[in-house]
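Colleague: There's a structure below that I have some questions on.
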Amino acid sequence: MTSSEGAWRKWYDDNAPEAVPIPSGYEQRLGDRADIGSFLKLLLVRCLRVDRSILMCKEFVRNTKEMGPSFVEPVTDTIEMVYDDMVPEVPVIFLLSRGSDPTDGIIELCRKKKLPSPAVISLGEGQEPVALKAINSGVVNGSWVLLQNCELGLGLMNEMESIINKLRGSIDPNFRLFITALPHPDFPLGLLQMCSKVTNDPPAGLRAGLLRSYTPGVMVDQDRLERVDTAQWRQLLFALCFLHSVVQERRKFGPLGWCIPYEYNNGDLQSCMLFLEKHLYNGEIDWSTFRYMVSDVQYGGKITDSLDVRLFRTYTKEWLTDLTCEEGYAFNPEASILKIPNDFRYTVPSFTEHGDYRKYIEQFPENDSPEVFGLHPNADLTYCVKEATSLFRTLGETQPKGGGGDGGVSREDVVYEKASDLLTRLPEDYVEDEYKAKIRKLGGMTVPMNIFLFQEIQRFQNVLAKVRFTLSQLQLAIKGEVVMTAELQETLDSMFDARVPHFWENTLTGDEFR
């Protein structure tokens, strides 16, 4: 790098270094090593440009023959696919995340199967007998049962495994039991093991979000496209789905996206579509009414921050107008600061076939420019660094924690040596009488900066004392002379993974810090 600093600097400063040849002939040298060349390039990007690590990881997985593109493409499984693998004796548990709710999909599938409407019970205080009655009725009549918010009914969940086992042999073939719950540490493990488990995370990226919306059985299918036989209906459907994906994606930028992270879900989009459909049945569209229903009623009913209200109104003012239905309309900014990936134009198509919409959406760039959301390109930098850091932290936490074998150096030996090295490098403790005397020579506590210095020394001494004590105790615990507590074990794991232990970052102890 030092021999060709200019070329490396240009590569480092590039907006997409993973797509640019590596300087000094390394690109060709890595290409000659087909077995590990892509992995070595991944390591280089990870070291120099952490923000592009996730993209390079996807590229590595895509180009690895043992895996391939299917491992990085968005997954758009539907309730129908889940139903095809179901049997009456095995419930399905939907582990929910923010912005996901399978209720509408389950009810719609039940309607398509021409079965009675499912019994939907939201668990909470006093609802467990109602749920048991619905299950017993469904077992006999062959109807479906949907239990929502089951993390609030752990008492019933603890008994559910035995209830299902008792009912085996007398269950109607059409019976199905769906359970939705947020992750909870006390959720019974036995029930999880006997059930089919489905996670329904919100899709990441505009392409994945729109593909999810245009998946049959989720939001838009051929039947919905044909409910109103006008191009305006199909164009506004696409605009609503695009808007929904954008407001979902803005959450990943944290406070830059929304002042408060709202839980938008498919129900909001479904309500807007139904209003638009009924509105068009009555004649010409009233744009102000349409925008008001979307921004202030359907989505706006969840918004509590005044700036977020202004933001959503701006979206509808710009994207839900009569111009949206004109030929050539695009959601791109008029003048982009940086190049949009592949120079793609996010236009509003007017196809008549559902398959044509999916083909068009599949052409979307894999990585969206923040400018499409109305954000500065730098917003993506913070998000990418946070995501990459989270990925590497998870990899570190899930790596094997066993000791060394076959004569190798164990984790404990490595950490013991690190602790010894850190103890020798720690500065001496501050003696209170000494630093008080030095501060008096600087003018005493009548000088504001001296007060600040005094407080900083106190806090830094707390850190020194905490680190010194922990390292000493950790060495004793490794030798078996003291008990290995949870705090010491966490410190050992963190030091082995080259992370700062959590307890060192939070050393605010003493009356002056309360």
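The values are calculated or read from the model by the stated rules, or taken from the named source; none is laboratory data. These numbers were taken from a predicted model, which means no experiment stands behind them. Using ideal geometry, Cβ is built from the backbone for each residue, glycine included, and neighbour counts are taken over all protein chains shown.
Colleague: Return the only residue of 315, 262 being part of a helix (DSSP H, G or I) and not assigned by TED's automatic domain parsing to the domain that holds residue 96.
Modeller: Step by step, each of 315, 262 is checked, and only 315 is part of a helix (DSSP H, G or I) and not assigned by TED's automatic domain parsing to the domain that holds residue 96.
Conditions tested, residue by residue: (1) outside any loop (DSSP other than H, G, I, E, B); (2) within 16 Å of residue 83 (Cβ to Cβ); (3) free of Cβ contacts under 8 Å to residues at least 24 places away in the same chain.
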{"position": "101", "(1), (2), (3)": "no, no, no"}
{"position": "160", "(1), (2), (3)": "yes, no, no"}
{"position": "170", "(1), (2), (3)": "no, no, no"}
{"position": "180", "(1), (2), (3)": "yes, yes, no"}
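Colleague: Determine whether segment 410-419 contains at least one residue that is outside the structural domain of residue 339 (by TED's automatic domain parsing) and at pLDDT below 85.
Modeller: Within segment 410-419, one or more residues are outside the structural domain of residue 339 (by TED's automatic domain parsing) and at pLDDT below 85.
Colleague: Okay, moving on. Scanning for something exposed (fewer than 13 other Cβ atoms within 10 Å of the Cβ), within 30 Å of residue 179 (Cα to Cα) and of a type outside the set (Gly, Ala, Ser), does segment 60-74 turn up at least one residue?
Modeller: Yes: segment 60-74 contains one or more residues that are exposed (fewer than 13 other Cβ atoms within 10 Å of the Cβ), within 30 Å of residue 179 (Cα to Cα) and of a type outside the set (Gly, Ala, Ser).
Colleague: Shifting gears a bit: For segment 240-262, does any single residue satisfy the condition of being surrounded by 17 or more Cβ atoms within 10 Å (Cβ to Cβ), modelled with pLDDT under 85, under 23 Å from residue 216 (Cα atoms) and not small (Gly, Ala, Ser)?
Modeller: For segment 240-262, residues surrounded by 17 or more Cβ atoms within 10 Å (Cβ to Cβ), modelled with pLDDT under 85, under 23 Å from residue 216 (Cα atoms) and not small (Gly, Ala, Ser): absent.
Colleague: If I go through segment 224-259 residue by residue, how many of them are over 19 Å from residue 314 (Cβ atoms), without any contact (Cβ under 8 Å) to a residue 12 or more places away in the chain and part of a helix (DSSP H, G or I)?
Modeller: Counting residues in segment 224-259 that are over 19 Å from residue 314 (Cβ atoms), without any contact (Cβ under 8 Å) to a residue 12 or more places away in the chain and part of a helix (DSSP H, G or I) gives 0.
Colleague: Kindly evaluate residue 107 against the criterion of being within 21 Å of residue 267 (Cβ to Cβ) and at pLDDT below 80.
Modeller: Answer is no for this residue.
Colleague: Related question: How many residues are assigned to a loop (DSSP other than H, G, I, E, B) and under 31 Å from the mean Cα position of the chain (by Cα) when one looks only at segment 113-149?
Modeller: 5
Colleague: Only one of (1) without any contact (Cβ under 8 Å) to a residue 24 or more places away in the chain; (2) on the phi < 0 side of the Ramachandran plot is not met by residue 342, so which one is it?
Modeller: Result: residue 342 passes all but (2).
Colleague: I would also like to ask the following. Take the residues in segment 140-153 that are buried (at least 17 other Cβ atoms within 10 Å of the Cβ) and aliphatic (A, V, I, L, M); name whichever of them is farthest from residue 108 (Cα to Cα).
Modeller: Filtering segment 140-153 for residues that are buried (at least 17 other Cβ atoms within 10 Å of the Cβ) and aliphatic (A, V, I, L, M), the one farthest from residue 108 (Cα to Cα) comes out as 152.
Colleague: So in segment 351-373, with the set limited to residues that are touching a residue at least 60 places away in the same chain (Cβ under 8 Å), of a type outside the set (D, E, K, R) and part of a loop (DSSP other than H, G, I, E, B), which one is surrounded by the fewest Cβ atoms within 10 Å (Cβ to Cβ)?
Modeller: Across segment 351-373, the extreme among qualifying residues is 352.
Colleague: What number of residues within segment 101-115 are surrounded by fewer than 15 Cβ atoms within 10 Å (Cβ to Cβ) and of a type in the set (Gly, Ala, Ser)?
Modeller: So the count comes out to 0.
Colleague: Counting only residues that are in contact (Cβ under 8 Å) with a residue 40 or more places away in the chain and either aromatic (Phe, Trp, Tyr) or within 16 Å of residue 94 (Cα to Cα) (or both), how many does segment 119-149 have?
Modeller: 2
Colleague: Of all residues in segment 235-256, how many are closer than 13 Å to residue 349 by Cα and in contact with a Pro (Cβ under 8 Å, 6 or more places away or on another chain)?
Modeller: 2
Colleague: Please list, ordered by first then second residue, the pairs with beta carbon atoms under 7 Å, 6 or more apart or interchain, first in segment 8-20 and over 12 Å from residue 48 (Cβ atoms) and not assigned by TED's automatic domain parsing to the domain that holds residue 339, second among the aliphatic types (A, V, I, L, M) and surrounded by 13 or more Cβ atoms within 10 Å (Cβ to Cβ).
Modeller: Close Cβ pairs satisfying both conditions: 15/338.
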